[in-house]
1. Springs between alpha-carbon atoms under 10 Å, Gaussian network over the chain: tell me which of LEU90, LEU38, LEU79 tops the mean-square fluctuations.
2. Sticking with the crude label model, points 7 Å out along Cα→Cβ, report the distance from ALA45 to ILE74 in nm, one decimal please.
3. Taking 25 Å as R0, compute the FRET efficiency from the Cβ-Cβ separation of ALA115 and LEU144 and round it to 0.05.
4. Find the centroid of the Cα atoms in the range 1-54 and in the range 113-170, then give the distance between the two in whole Å.
5. What are the ³J(HN,Hα) couplings of the range 114-128, residue after residue, when phi is run through the Karplus curve with 6.51, -1.76, 1.60 and θ = phi - 60°? Round to Hz, x for glycine and proline.
6. In a Gaussian network model over the chain where Cα atoms closer than 10 Å are linked, find which of ILE71, ILE121, ILE101 has the largest mean-square fluctuation.
7. Could you tell me which chymotrypsin sites (Phe, Trp or Tyr not before Pro) in the range 57-142 are loop residues by DSSP with no more than 15 other beta carbons within 10 angstrom of their beta carbon?
8. Using packing as a proxy for protection, rank 136-148, 154-166 so that the peptide with the highest average count of other Cβ atoms within 10 Å comes first.
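Laboratory data are not the source of any read-out in this text; all were calculated from the coordinates shown. Since the structure is predicted, the reported quantities are computational estimates derived from the model, not experimental observations. Methodologically, a virtual Cβ is constructed for each residue, glycine included, from the backbone with ideal geometry; neighbour enumeration extends over all protein chains shown.
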Amino acid sequence: MRQQFLGALIGAAFGAVFVLVNSGDPVPAALGWVLRALAVLALAAVLFLGLRAGGRPTLDGRPMFGPRYRIVVISEVVLLVAGFFVLSLLDAPVQANVAWIATVVGLHFVALASAWKTRSILVVGVVLTVLGVVGLALLGSPALPWVPFVSGVLSGVTLLGGSLYGVRRA
C-alpha cells in the first residue's frame, strides 16, 4: 500500500468518525443523517481512488512514517492527554473535548507539513486548528451546543476533503 494512500485513508477515516459522532443535536436529524451518509461515501471514494491509483511513488521517495512522523504523533498524544486533564480540572463542558481534539489534530498536520516538506496538508492543518480554536472560544457562549458541529463536523469535512484531494493527486 502506498504511503500517501495510507495517509489519506487514515485522514478520511478520522474525518468520517468526526462527522458520524458529531452530527447530532443541534443539527436537524435529517441533515445529520445526510451528513453521515456523505461522510461514509467520501470515505469509500478515498478507498476506491486510492486502490485504483496503484503503487505510484509519492513524496519523491522520502518516507512518510519515519522518525519525524513518530515525534509528531507522540507530541500529539501528549498534548491530547494533557489537554483533557486540564479541561477536566477546569470542569469544562463535554463539548470542549472535540474542540481540543480538532485543535491538536490541526497542529499535527501543520507539523507534518513541515516534516514532509509538502504544503498540501498545511491548509488542512490550519483549517482544523482554526475550527478547534473557534470551538474553544464558543464554550462560554450561548453557541455552546454548536461546538460539535463547528469543531467536529466541519473538521471531519475538512479531513475528508483533504484526503480526497490528496488521493486524487497521487
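1. LEU90
2. Between ALA45 and ILE74, the simple spin-label model gives 3.8 nm.
3. 0.10
4. Cα centroid to Cα centroid, the span is 14 Å.
5. Result, ordered by residue: 6, 5, 8, 6, 9, 7, 4, 8, 4, 4, 4, x, 5, 4, 4 Hz.
6. Most flexible of the set in this elastic network: ILE71.
7. Answer by residue number: PHE65.
8. Put in order of decreasing packing, that is 154-166, 136-148.
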